[in-house]
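Enquirer: Handing you this structure, nothing more for now.
The values are calculated or read from the model by the stated rules, or taken from the named source; none is laboratory data. Since the model is a prediction, treat every value here as computed from it, not as a measurement. Glycine gets a Cβ as well: all are built from the backbone with ideal geometry, and neighbour counts include every protein chain shown. Keep in mind that these areas ignore ligands, DNA and RNA; they rest on the heavy atoms of the full protein, side chains included. Shrake-Rupley method; radii C 1.70, N 1.55, O 1.52, S 1.80 Å.
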Amino acid sequence: MGGMKKRNLVVANWKMNPNTFLDAKKAFDGVRLGAKGLKNTDIVVCPPFPYIYPLVKLNSPKNIFFGAQNISIEPKGAFTGEVSSEMIKTLPAKYVILGHSERRKMGETNEIVKAKLQRAFGADLVPILCVGENERDKEGNHLGFIKNQIKECLIGLSKKDLVGINIAYEPIWAIGKSYLEAMSPTDIHETVLFIKKVLIEQFGSDIAGGSKILYGGSVEAENASEIVRIGNVDGFLVGHASLTSQFSDILKAVDLKR
Ligand code: PEP
């Protein structure tokens, strides 16, 4: 890849929290504070659907972007309860998390995730594709599982769309716990290298070089710096800690990577 420096990326996945818009606004104030002074890092805030538009309307620094946590597989029409890629785009929001393990648990297959990726690209949204194994074993079967997820979600997409693809590696067993139970930085490093290798094999070094690999799963203030230093990640997908004051420390830790 020609010398363009990749910016770090930190995605805040609020999931189905907080309960009121007032609390969402407070959490967002925290993100704005944390965004101050960052030099190399972009932040993507992914609130529940009803909060996106009113938060977009507030003033934000240039390094804060918005994203949805999901989109419909369908473009428009009689699909009660669904939200389309075009609707998200026009808010305007730029990103969408796809293939999160909590959505996969509700029945999203790789095939569905791929169709949603195509919807996202069709609306000029930037997807963050989540992959990750349920459990690890000594035989390394989890690596085959991750490789299969990447292949089934991405093969057949156009090269143009794959340029700059964001992949969030989230081992399911490490999600929603404390930093003590997160993945170790050296294991993260190993898996990130594996994911890069899969991208090179399947799509070539241009695509692999331009893509961002994030880690997600119990990133907190305590383990963020170590993972940045050793894990070779381009950023994080942060769940529970993104709604707390720790988020600023996580952002600072990531911003040290340049
Ligand atoms: C997630 O669900 O994407 C996630 C990373 O959650 P947590 O940070 O809470 O483990």
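Enquirer: Would you check which residues across segment 98-143 are assigned to a strand (DSSP E or B) and surrounded by 24 or more Cβ atoms within 10 Å (Cβ to Cβ) and list them? Break it down into steps so the answer makes sense when it comes.
Expert: Just the residues of segment 98-143 that are assigned to a strand (DSSP E or B), to begin with: 98, 126-131.
Once the filter is applied, which keeps residues that are assigned to a strand (DSSP E or B) and surrounded by 24 or more Cβ atoms within 10 Å (Cβ to Cβ), segment 98-143 yields Leu98, Pro127, Ile128, Leu129, Cys130, Val131.
Enquirer: Here is a list of conditions, (1) in contact (Cβ under 8 Å) with a residue 60 or more places away in the chain; (2) near the ligand (Cβ under 10 Å from one of its atoms); (3) of a type in the set (A, V, I, L, M), and Val254 meets all of them except one; can you say which number that is?
Expert: Checking Val254 against (1) in contact (Cβ under 8 Å) with a residue 60 or more places away in the chain; (2) near the ligand (Cβ under 10 Å from one of its atoms); (3) of a type in the set (A, V, I, L, M), the one that fails is (2).
Enquirer: Which count do you get for residues in segment 184-217 that are within 14 Å of Val131 (Cβ to Cβ), free of Cβ contacts under 8 Å to residues at least 40 places away in the same chain and within 16 Å of the ligand (Cβ to nearest atom)?
Expert: Counting residues in segment 184-217 that are within 14 Å of Val131 (Cβ to Cβ), free of Cβ contacts under 8 Å to residues at least 40 places away in the same chain and within 16 Å of the ligand (Cβ to nearest atom) gives 0.
Enquirer: Give the residue, chosen from Lys116, Lys94, Lys105, that is charged (D, E, K, R), modelled with pLDDT of 95 or more and touching a Leu at 6+ places or on another chain (Cβ under 6 Å). Before you say what the answer is, go through the steps one by one.
Expert: Values: Lys94 fails: touching a Leu at 6+ places or on another chain (Cβ under 6 Å); Lys105 fails: touching a Leu at 6+ places or on another chain (Cβ under 6 Å).
Criteria check complete, one pass: Lys116.
Enquirer: Which members of segment 172-183 meet the condition of being under 19 Å from Ala221 (Cα atoms) and either near the ligand (Cβ under 10 Å from one of its atoms) or open to solvent by 50 Å² or more (accessible area, probe 1.4 Å) (or both)? Before the answer, list the steps.
Expert: Narrowing segment 172-183 to residues under 19 Å from Ala221 (Cα atoms): 174-183.
Hits for segment 172-183 are Ala174, Ile175, Gly176, Lys177, Ser178, Tyr179, Leu180, Glu181, Ala182.
Enquirer: Counting only residues that are more than 22 Å from Gln69 (Cα to Cα) and basic (Lys, Arg), how many does segment 152-194 have?
Expert: Residues flagged as more than 22 Å from Gln69 (Cα to Cα) and basic (Lys, Arg) within segment 152-194 amount to 2.
Enquirer: Can you give me the number of residues within segment 2-22 that are loosely packed, with under 10 Cβ neighbours inside 10 Å, of a type in the set (A, V, I, L, M, F, W, C) and at pLDDT 95 or above? Walk me through how you get there before you give the answer.
Expert: We begin by selecting, within segment 2-22, every residue loosely packed, with under 10 Cβ neighbours inside 10 Å; these are 2-5, 16, 19-20, 22.
Adding the requirement that they be of a type in the set (A, V, I, L, M, F, W, C) leaves 4, 16, 22.
Now narrow it down to the ones that are at pLDDT 95 or above: 16, 22.
Count: 2.
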